[in-house]
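One structure is given below, encoded as structure tokens.
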Amino acid sequence: MRLFYFQLKLVRYSVYCDAKAMKKPLFLIVLAVLLVLTISANVVLYFISDDVNDMIQAFEQQWQEQADIVLLESRLLDDLEHQLSQAKAIHQVRDYHHPEPDAEPSAEEYMVRLYRTLAQLSELDLQAGETEALAVVTYYASLYQTQLTEADSVGTQSQATAALSEQLKNQHQHLDEALRTLRQGLETRFSRTREAHQLTLQNIIYRDSLEGLLLLILIVMMLLVSFMMLRAQIRAAKERDCLFDAIPDALLYCDSEGRITQVNQSCSELFGYSAKELVNMQLEALMPERFRELHAKHRASFYGRAKMRRKGENGLNIIGLHKLGHEIPLDIAIARTTFGQETYYVAVIRDLRPELQLQQRAELDFLTQAFNRGQIERVLGDELTRAVRYSRALSVMMVDLDHFKTLNDTMGHQVGDAALTELSAFLKRSIRPSDCLGRWGGDEFVIVCPEIASDEALLMAQRLVNQYRQINQYDLEMSIGVTSRTNLSSGVECAQLIGEADDALYQAKAAGRGRAILFSSQ
């Protein structure tokens with residue numbers, strides 16, 4: 001019985017304790033390593049993401065600032081050359097003139113715009129050569145401004161412009177060189193800025209690569225540890241499956257609706273179905289139809305704890321139904337468990353037929369299939385106790401074949417065994433269902449008859465003697481000694497009743513055999 005409960009516990013907890021197949025310290029170490037690696041990977045991933053975001057934001061901000069400066073300088077240079085082209089007396093080599101819908105501005109307005117542009121350029125961070133070039137442009141602009149001032153006092157502005165153009169016609173080359181220097185400085189700074197940003201971008205990529213490599217190493221280590229655990233789980237599952245099928249008792253799982261989800265090999269052999277046939281089969285299909293409705297109600301109200309039901313408990317036998325239709329006496333241990341949101345039942349089912357066969361071998365006489373001497377003594381003891389407790393009558397008969405030794409010696413032991421088997425079969429079908437027949441030894445049998453008084457017991461014994469004389473094929477007779485008690489006291493023992501029945505049997509043999517006699521103490 002302890003083994004039965006142990007099997008139930010083993011099946012119940014093996015589903016979620018497969019990891020115990022590993023040595024517990026090793027399992028805890030592997031689990032701790034996996035936890036540390038997981039935390040480390042997440043920390044590294046967090047810092048990588050945060051660092052990359054900061055670097056990208058800094059890169060974008062720096063690029064935007066440098067780009068704004070380059071664009072401002074480029075725009076100012078374009079404005080400068082455009083304004084110089086408008087002041088034809090100063091710069092006539094390039095034509096940057098852009099027609100405007102309004103009237104052409106005066107020379108003074110051009111000069112105001114020109115000085116404003118020069119002032120904005122001077123505020124920029126220029127190199128030494130660019131500063132000198134800007135000074136050259138400023139110098140020529142000041143000459144033009146001076147000439148315009150002098151012209152206002154002498155004559156018209158057109159005359160001053162013509163005079164200044166004649167004066168500066170040989171200086172255009174210097175002005176072009178100054179503008180070219182400013183443009184080259186702009187291009188140089190733009191190239192340096194682009195190279196610096198490319199270098200910064202390469203550093204970001206390199207740093208991300210190192211951090212990504214570290215993260216990849218952690219992930220690989222996690223995969224290795226996970227593989228080790230998965231391998232151990234697979235091994236544990238295989239061992240569990242082997243153990244599941246190796247258990248001699250039938251095991252099955254079913255869900256809360258009573259559908260079978262898993263069975264072992266012993267379960268298939270017990271009920272005659274294959275495992276594929278049993279899976280998804282309704283549990284009540286494995287029992288006789290008369291029990292199905294009641295079992296479904298009991299299953300729906302079962303909440304839990306490991307429980308075992310023996311055959312005949314509470315007056316209810318547990319019967320299974322084989323695929324071929326014959327019934328099977330069973331013992332069942334049941335447990336209820338939950339995995340996630342699903343509720344399952346696990347049952348350990350034991351076939352009682354081998355146990356009953358052993359019990360029969362222990363209780364029955366091998367030849368006659370009547371109770372053996374030990375069992376009939378126990379039955380007599382139980383009936384005697386019951387008769388004393390409830391003040392009921394009890395009768396005992398001792399039956400013996402007449403001249404059996406002669407038959408055995410002349411016809412052989414096989415014929416003698418056949419005669420004993422015939423007598424046992426006759427007595428079994430002739431006595432009441434409440435009576436018990438046992439072989440006392442040799443050709444002697446004992447019949448225990450509860451709740452029957454002496455007169456009825458004697459009539460029953462005489463009927464048995466007469467009927468046997470007519471039906472037996474060996475021309476034998478039997479003698480019966482009967483003892484009966486109506487008011488039994490607690491001092492009466494089984495041996496006393498057997499002795500009285502035996503004395504009555506000897507009286508019947510002494511009286512000529514083939515008869516039944518009631519024991520009398522007189």
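Read-outs throughout are calculated quantities, based only on the coordinates presented, and are distinct from any laboratory measurement. Worth saying up front: this structure is predicted, and the values here are computed from it rather than measured. Heads up, the Cβs are rebuilt from the backbone with ideal geometry, glycines too, and the neighbour counts pull from every protein chain shown.
If I take R0 = 22 Å and measure r between the Cβ atoms of Gln357 and Thr385 in this structure, what FRET efficiency does the formula 1/(1 + (r/R0)^6) give, to the nearest 0.05?
Here the calculated transfer efficiency is 0.20.
Per residue, what volume in Å³ does the convex hull of the Cα atoms of segment 364-518 enclose?
Measuring per residue, one finds 95 Å³ for the Cα hull of segment 364-518.
What list of ³J(HN,Hα) couplings, whole Hz, do you get for segment 254-266 from phi and the Karplus terms 6.51, -1.76, 1.60, once you set θ to phi - 60° and write x for glycine and proline?
Couplings: 9, 8, 5, 8, x, 8, 6, 10, 7, 9, 9, 5, 5 Hz.
Using 1/(1 + (r/R0)^6) with R0 = 25 angstrom and r between the beta carbons of Asp176 and Tyr139, what's the FRET efficiency to the nearest 0.05?
My answer for the efficiency is 0.95.
Is segment 318-413 best put as rounded, prolate or oblate by its Cα gyration tensor, with a ≥ b ≥ c the root eigenvalues, rounded for a/c under 1.5, and otherwise prolate when a/b is larger than b/c, oblate when not?
Oblate shape, in that a/c is at least 1.5 and b/c is the bigger or equal ratio.
What full-extension length gain, to one decimal in nm, is calculated for Glu269 and Glu327 as 0.36 nm per residue of separation minus the Cα-Cα distance?
19.5 nm
Read phi for every residue in segment 348-361 and hand back ³J(HN,Hα) as whole Hz from Karplus 6.51 cos²θ - 1.76 cosθ + 1.60, θ = phi - 60°, with x for Gly and Pro.
Rounded to whole hertz, the list is 9, 10, 10, 6, 8, 4, x, 5, 5, 5, 5, 5, 5, 4.
Dipole size in debye (nearest 20) for segment 389-517 around its Cα centre, Lys and Arg Cβ +1, Asp and Glu Cβ -1?
The calculation lands at about 360 debye.
Using 0.36 nm times the number of residues separating Gln57 and Gln120, minus their current alpha carbon distance, what extension gain do you get?
That pair, Gln57 and Gln120, stretches by 19.7 nm at full extension.
Determine, from the Cβ-Cβ distance of Ile204 and Val279 and an R0 of 56 Å, the FRET efficiency 1/(1 + (r/R0)^6), rounded to the nearest 0.05.
E between Ile204 and Val279, to the nearest 0.05, is 0.45.
Just need the relative contact order of segment 365-522 here, percent rounded to a whole number, with Cα pairs under 8 Å and 6+ apart.
Reported as a whole number, the value is 31 percent.
May I ask you to order 437-449, 349-361, 373-385 by the average number of other C-beta atoms within 10 Å around their residues, highest value first?
Answer by packing, highest mean first, reads 437-449, 373-385, 349-361.
Place a point 7 Å from the Cα of Glu257 along the Cα-to-Cβ direction; which residues of segment 265-299 have their backbone N under 18 Å from it?
277-286, 296-297, 299, by backbone N distance to the label point.
Which peptide among 507-513, 329-335 comes first, and what is the full order, when sorted by highest mean count of other Cβ atoms within 10 Å?
Going from most to least packed, we get 329-335, 507-513.
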